[in-house]
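Chemist: Could you have a look at this structure, given as structure tokens, before my questions?
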């Protein structure tokens, strides 16, 4: 049963060996056969309606992963912060947006009343979610970048400390807030964002990230629920 035409160039994946090698490079994040069906644009004849939803989800994730620099993903975790390769491909960007919105729609109860995102790559995805749900978007920035009255919190870096700020009028007391960022590494910056939201007497429903580096155990340092789309 043929599905819609794939929206990525599959030249790199021609041949079963190439595709298997690619799956190994992304550490088998996805089921191999499903990845092949998703990226090639074809599903098996016996695909059941119940499995189509799972395949759609995996297809979106496969498209996103396909547009990340895979070699850098495996060799240097700092390079995993490069979200721009996904943004350059409208299909991948749309797939990313759809996966995040679907998660919020189906999995979060109660629904968020505001979206907060971290400086700076969180700003690329946070507004997309906020606009879809017609709720406010509030940025968290490094010290000195926001006008007006702000509150701040310091957090540890590998070699020192940094300071995040949020505008005091950005979030109302009692609101349910979704925090968005591109990457969860050690969890220091994400937990600092949680602290800022809580200082404004709001509730962090969840921290939603695209990629989580599980070996760094960053979610253990975040005082809120964490959901990641892709784990390495």
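The values are calculated or read from the model by the stated rules, or taken from the named source; none is laboratory data. What you see is a predicted model; the values in this text were computed from it and never measured. Here the Cβ positions follow ideal geometry from the backbone for every residue, glycine too, while neighbour counts run over all protein chains shown.
Chemist: Take residue 130 and decide whether it is surrounded by 14 or more Cβ atoms within 10 Å (Cβ to Cβ) and free of Cβ contacts under 8 Å to residues at least 40 places away in the same chain.
Modeler: yes
Chemist: Go through the residues of segment 132-150 one by one and say whether even a single one is modelled with pLDDT of 95 or more and part of a helix (DSSP H, G or I).
Modeler: yes
Chemist: Can I ask one more? Checking the structure you have, find out if any residue of segment 63-85 is at pLDDT 70 or above, over 12 Å from the mean Cα position of the chain (by Cα) and not in a helix (DSSP H, G or I).
Modeler: no
Matching residues to (1) surrounded by fewer than 23 Cβ atoms within 10 Å (Cβ to Cβ); (2) at pLDDT 95 or above; (3) outside any loop (DSSP other than H, G, I, E, B); (4) within 22 Å of the chain's Cα centre (by Cα):
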residue	(1), (2), (3), (4)
153	yes, yes, yes, no
156	yes, no, yes, no
174	yes, yes, no, no
177	no, yes, yes, yes
180	no, yes, yes, yes
186	yes, no, no, yes
190	no, yes, yes, yes
197	no, yes, yes, yes
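Chemist: Pick from segment 199-210 the residues that are without any contact (Cβ under 8 Å) to a residue 40 or more places away in the chain and part of a strand (DSSP E or B): which of them is surrounded by the fewest Cβ atoms within 10 Å (Cβ to Cβ)?
Modeler: Among those that are without any contact (Cβ under 8 Å) to a residue 40 or more places away in the chain and part of a strand (DSSP E or B), it is 203.
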